[in-house]
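One structure is given here, and the rest of the page talks about it.
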Amino acid sequence: MSKKKVAILSAALVAVAGLGLAAATFKRSDDKILRVANQKGQVKAMMLASGALDGAPYRVEWSEFPAAQPLLEAVGGGAADLGLAADAPFIFAYQSGSPVKAIAVQAPANQASEALAILVKNGSPIRSAQDLVGKTVATTRGSIGHHLLLQALERAHIPADKVNVTFLPPGDAKAAFDSGSIDAWSTWTPYTNVAVKEGARAVADAKDYGLPLYIDIAHDASIAPKRALLADFLQREAKAVAWARAHPDEFAAVLARETGLPLDIARASFERSNRISQPVDAKVIAHEQAIVERYRRAGLIDPRRDVAQAFDTSFGS
């Protein structure tokens, strides 16, 4: 790839990562407004592309975030009513005492590779999780990238403290990865897509460890007063996801426009994060409990909340 194309990709990704680092200030409860926190390139792009919000009897106020952690801080802090994030950061926030609830669950629709991976430079001597001992790996604290790293170390029987983990937001992690100041980066799409196109390779891929679930997360205090809005939004979101699955090229065009990413990266990002609705059942609860135990063993949380109570199943998920 030419240096010019690499520069364009890097600039677009840094722009995605740099948006929405601080939660916007919203008006307090209003039954005609739903405040939705969005990870750039996710729900909002689908809603816009599909027209799923057309005719909604309320207004959606969007706020943009580069990763799940700041998104969850916005929802947990009451700056947003709803947001979509993967299960590991949701469980991390929930067990840290955040007043959030899962109101719907989505599972990956396919086993696409490199949607979530531990990446190294192509010329790196690191070939497996065993080679990460003593190395520096960047990820975001409590993220799906962090959870994948713990899974990979666990399977390789390597204590978590044998790896130097540095917690960075995606934009800073990309800069560190590009400069060579870290040895590896555990991250997710679209960051994986861009890095692989620029010459990175995966030493661990989430499809081999158990893909994350994605969760619509509401602020606990928003559920009762905005139940009708939340329920309507979930139905429209499901229609948007189905539309995107049936019209991937049209969706990718909107996603590219929203994120500034090249069209091929936007298309790959969708293919690697396509999702379908998943009922909250015993299997889901067990999956989340395993995440809790993994974080506990790593000394990251002291779990005191019942995982089953993190899910509000009254929305029919």
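See the values below:
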| item | result |
| --- | --- |
| Selection of chymotrypsin sites (Phe, Trp or Tyr not before Pro), region 57-121, meeting DSSP coil and at most 16 other Cβ within 10 Å | TYR58 |
| Mean Cβ neighbour count within 10 Å, used as a protection proxy, ranking 285-295, 158-168, 215-225 highest first | 215-225, 285-295, 158-168 |
| Anisotropy class of region 161-317 from Cα gyration tensor, a/c 1.5 cut | oblate |
| Residues with amide H under 5 Å from that of VAL165, placed H, sequence gap 5 or more | VAL137 |
| DSSP H segments from the chain that extend 20 Å or more along their own axis, Cα-based, with Kyte-Doolittle mean of 1.0 or above | 3-18 |
| Cβ-Cβ FRET estimate between ALA56 and SER277, R0 fixed at 22 Å, reported to 0.05 | 0.65 |
| Rounded, prolate or oblate (a/c below 1.5 giving rounded, otherwise prolate when a/b exceeds b/c) for region 116-208 by Cα gyration tensor | rounded |
| Computed label-point distance, nm, for sites SER179 and THR136 using a 7 Å Cα→Cβ extension | 0.9 |
| Value of [θ]222 nm, deg cm²/dmol, for the chain, DSSP H segments ≥ 4, -39500 (n - 2.57) each, nearest 500 | -12500 deg cm²/dmol |
| For region 284-304 and region 157-190, distance of Cα centres in Å | 21 |
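All of the numbers you see were taken from the coordinates with simple rules; none came from a lab. Predicted model only: the values in this text are computed from it and were never measured. Every residue, glycine among them, receives a Cβ derived from its backbone with ideal geometry; neighbour counts consider all protein chains shown.
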